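Inspection log for the structure reproduced underneath, given as structure tokens.
The values are calculated or read from the model by the stated rules, or taken from the named source; none is laboratory data. Since we're looking at a predicted model, the values are computed, not measured. Cβ sites come from the backbone with ideal geometry, for glycine too, and all protein chains shown count toward neighbours. Note: areas computed on protein heavy atoms with side chains; ligands, DNA, RNA excluded. Shrake-Rupley method; radii C 1.70, N 1.55, O 1.52, S 1.80 Å.
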Amino acid sequence: MKIRNKGPFKVIMSLRLLKEKLEKLLDSNNLTIQAQAKQALDLLKEHPTLTTGTDSIQDFFSKKAILDQVMSFIFPTALTQNEIKAAVTPYTNEIFFCSSRLQNIINRANTDENIFYDLYKDYEDSLDLFIYAIILNVYYKYQVDFERPKTLSITDKNGERKRYRVAFNADFIDIYPNKNAIEITNEILDELLSHADKFEIWEKYFPKNSWTIEGFGIVSLIDTSLDERIDDFKTHLIEPNTESFQHLLQDIRRIFNIPDLQVGSYSVLENMITPPFDKNFDMLTLLPDEHMSVGKYACSHINNELFKDCKPSIIANVETYHKQTKGNRLSKILLERGLKSVALIPIPINGELGFIVELAAFKPNQLNAINMVKLDTIMPFILSYSRRTFSEYQNEISAVIQQECTAIHPSVQWRFQEEAELYIQERNYGENPVFHEIVFKDVVPLFGQVDVVGSSNARNEAIQLDLTKQLEISKQILRDRTKINLPFYEQLIFQIDNYLFDLKENFNTNSEQEINLFFDKQLIPLFKHFQSNSKNKNDLEEFLKSIDKTTNSLYDARKAYDETIKMGNKALATFLEKQQIKAQAIFPHYFEKFNTDGVEHNLYIGQSITKQFNFHPTVLYNLRLWQLQVTCEMEAMYYEKQKEFPLQLEVASLILAYDEPITIRYRIDEKQFDVDGAYNVRYEMIKKRIDKAHIKNTNERLTQAHKLSVVYSSKAIEREYLSYFEFLQAKNYIGQNIELLEVEELQGASGLKAIRVDLNKELQKVSDLFTLEDIQAV
């Protein structure tokens, strides 16, 4: 047994406070309570040491028989098989009485130690602050927030872990100072809270035996294992990889308490059943790679349930079903695989059946209509995950088509033709041809972007606006129909008010999902009931009509945000592509662009890109000037078109002036160019991190609306770009304010600097490109 460090406390085990409580109950109007209290007091009178207390746990536990009788007053015998509850010694948490259910848990636990030993420690070797909290808050009346949810994990001998939420009742505990106790002043409190993890500080002001803790505590546990399993399931849903699929499989098995539960899936497209696109799933009710029409899948009853009504179908006993259907295709394949009960769950995508999730067990009735109720809790998350996965799959298809079918950029097509010619020659000579990777050495990169400022905040604001409006309309609909005091409607209004408060004060990633679930499960079904049983239903029909069929929620603000991003990106990308044609005329170079919450572009310039022309540094200078000019014009064009967009989102511009040549390599397997070599990867690291960077020693973001920032690292680049900006000032492309800044230290990149200028969003775009000759002429 572990010996607990008692810290500053002298521990006295006693039932004194219980005796005082029992004495008050003698005045109860309930004769049964009076009799029970008198019986318990008689026992305590016969054994006065239980009231006066003892610091010896052996002496206290020697009265176990009497303690059992007295505790039965607090632990009703009728509830002992249901409640998970224990009486424990103060601070040391040694159990001296517990319910039958807890005793069974302890007997099955895979430990010989006291399960409550580290109950109020946050982690190994940490301080137990719970009792100190009682001293500071109860005795000294300080308002120190020590509250945190407390849980306890217990693993049984079979390795199964269960989690419990813990509640501690300190009604029968008294804490008071001894002679050597130190008065805790405000100054001492400040020091304690500033060093909450320093044992020596607490020991200094709470010396050994300076406080007495007397009485006993009551610990109650609530089994939250299913909640934890569902939380784990939700967490693993957002981790799309093979490892997370294995976690999901185990989560579902734990939710249903079926260790060997089988999970499968198949797709449904235009009345045809096909294998799933996610190869993590097997098909439990079909043969590998089997395709068939939905009409041949099972009996007409199950076919209608799944494919017509889009409702779950449960076969609790496959053997019985086999007899009823005289051995149809579905029952035969299930029995061949030893599967004796099955649940088939249709998953709609965008209003149409997308695929079927299969759950199957090896014993009859393991899956049934009763335990399928558990699906109600996790089904919204499965549907959300399915929609997202399907969307990602569609995006993946589009990406593959783009990668496989998009032509090679004209500037480098000659090099691919060379390699293709060599490949054909080797093949024709009977050799084993290999299409080698295409490499371009000593190219200088130019990276730039025009990006929406605070896109995440704008997206969240759109979500908040939609949900707030949806809740407020629903609240008014309920109020208009609450002519009499109906508690259920009042409770719904109360819940709506809570959600409105959370949206305003405590919005987080779960808020949207929780509110959508609230509407799906409670409000929408109720409103449809109102609609069918009400004469005045114009407000209801107008509200239900406004609900977006894709998202099953009000989607006005979010649609405006999405449309704004889409329209802005299209305008920026179209403008950039047109200007790129002019840039290629300066000197052939590799160019690529990407749409994010804005538009990014990369240029790679060097002699290795072309065979037709000779590279000279002036080419690079002209392209850098082109990039500055086009970035200024892109942002001005964006603000000119901004009035056509649903939302008036701001953008910021960023350029990375990297002056070290790098090597890029075309990855045959990835069908794209990538920076080659560990040294050159530094460029990619800087490029990815400067967008979120701050100005050194400040909390100010480098990228700001209506400003262009150029990040660099050398004095030569600084002088070069200052000359460009002086020229652009003369052309009224930028304002008079030019800032020279230092960028905060970034992982893998230090010593970065930046020039930041104000852009003139009303600039008069010139028809020609600026060149070095123009700069010299100014």
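Applying a threshold of 9 Å to beta carbon distances and a minimum spacing of six or more residues, or different chains, the list of pairs starting in the stretch 604-619 at a residue that is in a loop (DSSP other than H, G, I, E, B) and ending at one that is among the aliphatic types (A, V, I, L, M) and surrounded by 11 or more Cβ atoms within 10 Å (Cβ to Cβ) reads Gly606/Val443; Gly606/Val444; Gly606/Leu620; Thr610/Val412; Phe613/Val619; Phe615/Ile605; Phe615/Ile609. Annotation: Val342 fulfils all but one of (1) closer than 21 Å to Gln366 by Cβ; (2) under 41 Å from the mean Cα position of the chain (by Cα); (3) in a helix (DSSP H, G or I); the unmet one is (3). Just to check your reading of the model, which residue among Ala399, Ala407, Ala420 is of a type in the set (Gly, Ala, Ser), in a loop (DSSP other than H, G, I, E, B), open to solvent by 30 Å² or more (accessible area, probe 1.4 Å) and modelled with pLDDT under 75? The match here is Ala407. Here Ile333 does not qualify as closer than 20 Å to Ser267 by Cβ, under 33 Å from the mean Cα position of the chain (by Cα) and either open to solvent by less than 40 Å² (accessible area, probe 1.4 Å) or not β-branched (Val, Ile, Thr) (or both). Selection within the stretch 189-204: residues that are open to solvent by 60 Å² or more (accessible area, probe 1.4 Å) and in a loop (DSSP other than H, G, I, E, B). The member of this set that is farthest from Ala87 (Cα to Cα) is His195.
The residues in the stretch 361-375 that are in a loop (DSSP other than H, G, I, E, B) and either over 27 Å from Thr274 (Cβ atoms) or among the aromatic types (Phe, Trp, Tyr) (or both) can be counted, and the count is 8.
Scanning the stretch 646-667 for residues that are of a type in the set (A, V, I, L, M), open to solvent by less than 30 Å² (accessible area, probe 1.4 Å) and not in a strand (DSSP E or B) yields a single hit, Leu649.
Conditions (1) among the aliphatic types (A, V, I, L, M); (2) within 30 Å of Ala636 (Cα to Cα), marked per residue:
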position	(1), (2)
Ala458	yes, yes
Leu471	yes, no
Pro487	no, no
Glu490	no, no
Glu505	no, no
Gln522	no, no
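Taking each residue of the stretch 433-446 that is under 9 Å from Arg665 (Cα atoms) and looking for partners that are among the hydroxyl-bearing types (Ser, Thr, Tyr) and in a strand (DSSP E or B) with beta-carbon atoms closer than 8 Å, six or more apart or interchain, yields Glu437/Tyr666; Ile438/Tyr666; Val439/Thr663; Val439/Tyr666; Phe440/Tyr590; Phe440/Tyr604; Phe440/Thr663; Lys441/Thr663.
For the stretch 153-188, taking the residues that are touching a Lys or Arg at 6+ places or on another chain (Cβ under 7 Å) and outside any loop (DSSP other than H, G, I, E, B), the one that is surrounded by the fewest Cβ atoms within 10 Å (Cβ to Cβ) is identified as Ser153. How many residues does the stretch 607-635 hold that are over 20 Å from Leu572 (Cβ atoms) and not aliphatic (A, V, I, L, M)? Residues that pass the stated criteria total 13.
Screening the stretch 680-778 for helices (runs of 4 or more DSSP H) wholly inside it with 2 or more residues that are of a type in the set (Phe, Trp, Tyr), crowded, with 16+ Cβ neighbours inside 10 Å and more than 34 Å from the chain's Cα centre (by Cα) returns the ranges 715-730. Taken over the stretch 721-773, the criterion of being within 22 Å of Arg701 (Cβ to Cβ) and aromatic (Phe, Trp, Tyr) is satisfied by Tyr721, Phe725.
For the stretch 477-528, filtering for residues that are touching a residue at least 60 places away in the same chain (Cβ under 8 Å) and under 18 Å from Tyr555 (Cα atoms) leaves 4.
Of the residues contained in the stretch 205-225, one or more are found to be open to solvent by 70 Å² or more (accessible area, probe 1.4 Å) and closer than 30 Å to Ile255 by Cα. Of the residues making up the stretch 611-645, those that are over 28 Å from Gly735 (Cβ atoms) and either among the aromatic types (Phe, Trp, Tyr) or buried (at least 18 other Cβ atoms within 10 Å of the Cβ) (or both) are Phe613, Phe615, Val619.
Taken over the stretch 76-118, the criterion of being over 16 Å from Val219 (Cα atoms) and open to solvent by less than 20 Å² (accessible area, probe 1.4 Å) is satisfied by Ala109 alone.
Could you check, for the stretch 347-354, whether at least one of its residues is open to solvent by less than 20 Å² (accessible area, probe 1.4 Å), at pLDDT 90 or above and either under 20 Å from Val373 (Cα atoms) or touching a helix residue (DSSP H, G or I) at 6+ places or on another chain (Cβ under 7 Å) (or both)? Within the stretch 347-354, not a single residue is open to solvent by less than 20 Å² (accessible area, probe 1.4 Å), at pLDDT 90 or above and either under 20 Å from Val373 (Cα atoms) or touching a helix residue (DSSP H, G or I) at 6+ places or on another chain (Cβ under 7 Å) (or both). In the stretch 344-360, the residues that are within 17 Å of Asp278 (Cα to Cα) reach residues that are modelled with pLDDT under 85 and open to solvent by less than 30 Å² (accessible area, probe 1.4 Å) with C-beta atoms within less than 6 angstrom, at least six apart or across chains, in these pairs: Ile347/Ser386.
For beta carbons closer than 8 Å, sequence separation of 6+ or different chains, a first residue in the stretch 292-305 that is closer than 19 Å to Lys326 by Cβ and in a helix (DSSP H, G or I) and a second that is aromatic (Phe, Trp, Tyr) and open to solvent by less than 20 Å² (accessible area, probe 1.4 Å), the qualifying pairs are Asn303/Tyr297.
Here the stretch 493-549 is the region considered, the condition is being in a loop (DSSP other than H, G, I, E, B) and closer than 30 Å to Asp231 by Cα, and the residue that is most open to solvent (accessible area, probe 1.4 Å) is Lys549.
Any chance the stretch 164-173 includes a residue that's touching a helix residue (DSSP H, G or I) at 6+ places or on another chain (Cβ under 7 Å) and at pLDDT 90 or above? Yes - at least one qualifying residue is present in the stretch 164-173.
Only a single item in (1) more than 22 Å from Ile738 (Cα to Cα); (2) charged (D, E, K, R); (3) touching a helix residue (DSSP H, G or I) at 6+ places or on another chain (Cβ under 9 Å) is not met by Glu650, and it is number (1). Could you check Leu471 against (1) over 30 Å from Glu650 (Cβ atoms); (2) surrounded by 12 or more Cβ atoms within 10 Å (Cβ to Cβ) and say which number it fails? Of (1) over 30 Å from Glu650 (Cβ atoms); (2) surrounded by 12 or more Cβ atoms within 10 Å (Cβ to Cβ), only one is false for Leu471: (1). Summed over the stretch 64-85, residues that are of a type in the set (Ser, Thr, Tyr) and over 20 Å from Leu25 (Cβ atoms) total 1.
Just wondering, is there one or more residues in the stretch 49-67 that are over 29 Å from Asn209 (Cα atoms), under 50 Å from the mean Cα position of the chain (by Cα) and open to solvent by 20 Å² or more (accessible area, probe 1.4 Å)? Scanning the stretch 49-67, I find no residue that is over 29 Å from Asn209 (Cα atoms), under 50 Å from the mean Cα position of the chain (by Cα) and open to solvent by 20 Å² or more (accessible area, probe 1.4 Å), so the answer is no. Pairs are defined by a Cβ separation below 9 Å, a sequence spacing of at least 6 or placement on different chains, a first member in the stretch 169-189 that is within 30 Å of Ser220 (Cα to Cα), and a second member that is aliphatic (A, V, I, L, M) and open to solvent by 50 Å² or more (accessible area, probe 1.4 Å); the pairs so defined are Ala170/Val138; Ile175/Val138.
Of all the listed residues (Leu572, Leu554), the sole one being surrounded by 17 or more Cβ atoms within 10 Å (Cβ to Cβ) and at pLDDT below 90 is Leu554.
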